[in-house]
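The values are calculated or read from the model by the stated rules, or taken from the named source; none is laboratory data. Since the model is a prediction, treat every value here as computed from it, not as a measurement. Positions of Cβ are generated from backbone atoms using ideal geometry, with glycine treated the same way; all protein chains shown enter the neighbour counts. Surface areas here come from the heavy atoms of the whole protein model, side chains and all, with no ligands, DNA or RNA. Shrake-Rupley method; radii C 1.70, N 1.55, O 1.52, S 1.80 Å.
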Amino acid sequence: FSPHSLEKMTVLIDLRDHDTWSNPTPKQSLPFIQIVVKLLGDYYPERMKRTIIFPLPKAATMIWNLVKRVFLEKNMVKKIVVIGASS
C-alpha cells in the first residue's frame with residue numbers, strides 16, 4: 001500500500017486444522033490476532049475494512065462477545081467479524 005492510497009484491506013485469519021495442513025489452536029493464535037488487529041487499528045485505522053476470524057470455537061465466540069465491548073472501540077468492533085465453528 002502506498003501511504004497516499006485510499007485502498008481498504010480485509011484480513012482473513014483462518015484457524016481451521018486439516019489433514020494436509022496444521023494451524024495453531026485458537027488459544028495459541030490469540031497473541032497473533034491481537035497484534036494484527038492492534039497494528040491495523042493503530043497504524044491503518046481508516047484502511048482496515050474488515051478482519052475476519054474463523055472458525056472460532058463456541059466457547060471462544062462467547063468470550064469474544066463478552067469482552068469486545070470492554071477492550072475495543074465501537075468503530076473497531078464493527079470491523080471485526082468472528083465466525084463460529086460449526087458443531
inquiry  = Which of L56, L15, L30 ends up with the largest GNM mean-square fluctuation for the chain, with Cα atoms connected below 10 Å?
reply    = L30
remark   = Per residue, accessible area of the range 1-84 with a 1.4 Å probe, heavy atoms of protein chains only, in Å², comes to 76
ask   = How much net charge surrounds L6 when only the other residues with a Cβ under 15 Å from the Cβ of L6 are counted, with Lys and Arg +1 and Asp and Glu -1?
value = +1
task = Starting from the Cα gyration tensor of the chain, take the square roots of the eigenvalues, sort them a ≥ b ≥ c, and report rounded, prolate or oblate (rounded when a/c is under 1.5, otherwise prolate if a/b is larger than b/c, else oblate).
result = oblate
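Show that you can apply the helix-only estimate: for the chain, add -39,500 (n - 2.57) for every DSSP H stretch of four or more residues, divide by all residues, and state [θ] at 222 nm to the nearest 500. Walk me through the numbers before you get to the answer.
Numbers: 3 runs with 37 residues, N = 87.
Helix contribution divided over all residues of the chain: -13500 deg cm²/dmol.
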key: Folded to 0 to 90 degrees: helix 26-43 orientation relative to the chain principal axis, Cα   = 10
request  = Please identify, among I53, I35, I13, the residue showing maximal mean-square fluctuation in a Gaussian network model of the chain using a 10 angstrom Cα cutoff.
outcome  = I35
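If Lys and Arg each add +1 and Asp and Glu each add -1, what is the summed charge of the other residues whose beta carbon sits under 15 Å from the beta carbon of M62? Could you put the intermediate results ahead of the total?
Working: positive: K27, K58, K68, R69; negative: none.
With Lys, Arg at +1 and Asp, Glu at -1, the neighbours total +4.
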query = Which of these, P57, P31, P45, has the largest mean-square fluctuation under a Gaussian network model of the chain (Cα springs below 10 Å)?
reply = P31
ask   = Which percent of the accessible area of the range 2-87 is formed by carbon and sulfur heavy atoms (probe 1.4 angstrom)?
value = 62
